[in-house]
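Below is one structure; the comments refer to it alone.
The values are calculated or read from the model by the stated rules, or taken from the named source; none is laboratory data. Everything numeric here is computed off the predicted structure, so don't read it as measured data. As a convention, Cβ positions derive from the backbone with ideal geometry for all residues, glycine included, and neighbour counts pool all protein chains shown. All accessible areas refer to the heavy atoms of the entire protein, side chains included, with ligands and DNA or RNA removed. Shrake-Rupley method; radii C 1.70, N 1.55, O 1.52, S 1.80 Å.
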Amino acid sequence: MIYSGGQLDAEVPDVDLATFVLRRAGELGGKPALIDGPSGRALSYAELERSVRSFAAGLAGRGFVKGDTFAIYMPNAPEYAVAFHGVVAAGGRCTTANPLYTARELGAQLADCGAQMLLTVPACLDVACQAAQQAGGCEVFALGEANQGASFSELLGDPEAAPRVAIDPAVDIAAIPYSSGTTGLSKGVMLSHRNLVANMVQSEGALAHSPDDVVIAVLPFFHVYGMCIIMNLGLLGGATLVTMPRFELGQFLDLLERYRVTRAYVVPPIALALAKHPAVEGRDLSALTHILCGAAPLGADLAEEVAERIGCSVSQGCGMTEMSPVTHLVPPGSTVKKPGSIGPPIPGTECRLVDPDTGHDCYPGEPGELWMRGPQVMQGYLGNRKATARMIDNDGWLHSGDVAIVDEDGWFAIVDRVKELIKYKGFQVAPAELEAILITHPQVADCAVIGVPDDEAGELPKAFVVPAGDDLDSEVLMTFVAEQVAPHKRIRAIEMVAEIPKSPSGKILRRLLRDRERVR
């Protein structure tokens, strides 16, 4: 059975992403588009539009042409939007990277996508330069004062000389965020201009912003949630975005109060803090009208706790990088109360629930793998046709790897995952990557990694290790991994075992390890 989100209320315009997002910049003029929360430094819509053209002109002047790739490796700041849309306006492809990545992780991404240039901040410059060298040559630029690399100002040119690039929205790639998909190591997700524009048109009905809105931009712009829902959709609607370089509860609450923030887009750990942390007491958060939680499932009880404590509506949605990203939304202000639901499909999106064993469609109330189809389905994984074919079938259905149920009203809820990814605070952690690092330790004979439930993080990476000797220390092993990965990928617990359960073909049977955890 196919569940449809209905027809789109408006046609998807045949236009490039930067033009679409900044279409109201001239009208909004001096209104603040982005404010750097910690410093109060503001960039108006007129300044943003001019800076984007200046950035595009500077890139063209340095030989950057249509189809080239530019990497952004930095925390949230107003310049993030300038660089992202400057690259897109120049006909380039923007790849975004977690600023907590190690040189090994960043270097692998730069090499995979063939990035010619990279923008970072002084605090990340050493890692960026190491990664650029590892990737075989990538010019590095940095905001502010830096001892290495070129300055951000060197990327700016005459806005009147911005290149006029012929872009085919349906074909040309605008962004290449990285995702692990349903399994395995991170892969570049090719999102076209049309993918991203279409998803904004699809989401506007439920998430329309207005110039009266002030949005807290705490979720990272490198992640598709922050990139598309906060940065792009917020700017499209003329809202003011207050950026934060990282989440810190005290500063988060300060900014909510100071700027009278009306909308907050969060992940479950932030929702948990809003529901339970004593620091929230006495804060004036009365300007908040709506909180949307995404990136990982939000429990029904927790959603109700947040709504009651803050005094605003709380809903959740669902999406994935490969879907540009939104697929389901609970419409803000909806009178339908279904705690824990991700809502119906957004307009222009079709869904099926399929039994992963039989391939047959499931009935309402029966769990099945969520398949989706729509104009927001990615163009594929960069340089990986096999992974693309595994993810998207010949009829255009994207196999999400999520297990969901649907009720008689067509509202969905995510109940489990077919895929083996670990969701730590909304970030995807691939067990295969951690296992590949663990097995290189001389005292590790075999290993497997799974996610174990945690109230704050959602899941924590836990390793099962077969020691090669008698003196293997868990803390030493966790440090060994931590030195090679970003903080969200660190292993948080280790259990020594005699053997790792595997199938006859050698595949790790993580299901048995998860079952073992459940009976404890």
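Ala60 sits among other residues whose Cβ lies under 11 Å from its own Cβ, and their net charge, with Lys and Arg +1 and Asp and Glu -1, is +2. Compared with the rule-of-thumb size 2.2 N^0.38 Å for a compact globular protein, region 21-100 has a Cα radius of gyration ratio of 1.12. With contacts taken as Cα pairs under 8 Å and at least 6 residues apart, region 325-444 reaches a relative contact order of 21 percent.
Using the empirical formula 2.2 N^0.38 Å as the baseline, the Cα radius of gyration of region 116-243 reaches a ratio of 1.24. Of the GluC sites (Glu not before Pro) found in region 103-207, those that fall in a DSSP loop while having at most 11 other beta-carbon atoms within 10 Å are Glu145.
Only helices reaching 18 angstrom along their own axis (Cα) with mean Kyte-Doolittle hydropathy no lower than -1.0 count here, and for the DSSP H runs of the chain these are 45-61, 193-207. Taking a Cβ cut-off of under 12 Å around Ala387, the surrounding Lys, Arg, Asp and Glu residues balance to a net charge of +3, with basic ones at +1 and acidic ones at -1.
Entry note, the chain: relative contact order of 13 percent, from Cα contacts under 8 Å with a spacing of 6+ residues. Rg of the Cα atoms in the chain, relative to 2.2 N^0.38 Å, amounts to 0.95. Please work out the Kirkwood hydrodynamic radius for region 1-153, using every pair of different C-alpha atoms, and report it in angstroms with one decimal place. Answer for region 1-153: a Kirkwood hydrodynamic radius of 16.7 Å.
In the context of the full set of protein chains, the chain has a per residue accessible area of 40 Å² (1.4 Å probe).
For the chain, DSSP calls about 55 percent of its internal beta bridges antiparallel. In the chain, the DSSP-assigned H stretches of four residues or longer account for a calculated mean residue ellipticity at 222 nm of -8000 deg cm²/dmol, using -39500 (n - 2.57) per stretch and the full residue count as denominator. Where the accessible area of region 151-258 is counted over protein heavy atoms with a 1.4 Å probe, how much of it, in %, is carbon and sulfur? The C+S portion of the solvent-accessible surface of region 151-258 is 51 percent. Among the trypsin sites (Lys or Arg not before Pro) found in region 148-230, those both in a DSSP coil and sparsely packed, with 16 or fewer other Cβ atoms within 10 Å of their Cβ, are Arg164.
Ranked by the mean number of other Cβ atoms within 10 Å of their residues, highest first, the peptides 277-286, 335-344, 213-222 come out as 213-222, 335-344, 277-286.
Around the Cα centre of region 1-91, unit charges on the Cβ atoms of Lys, Arg, Asp and Glu (plus for the first two, minus for the last two) sum to a dipole of about 300 debye. Across region 353-438, counting alpha-carbon atoms alone, Rg and Dmax equal 14.7, 46 Å.
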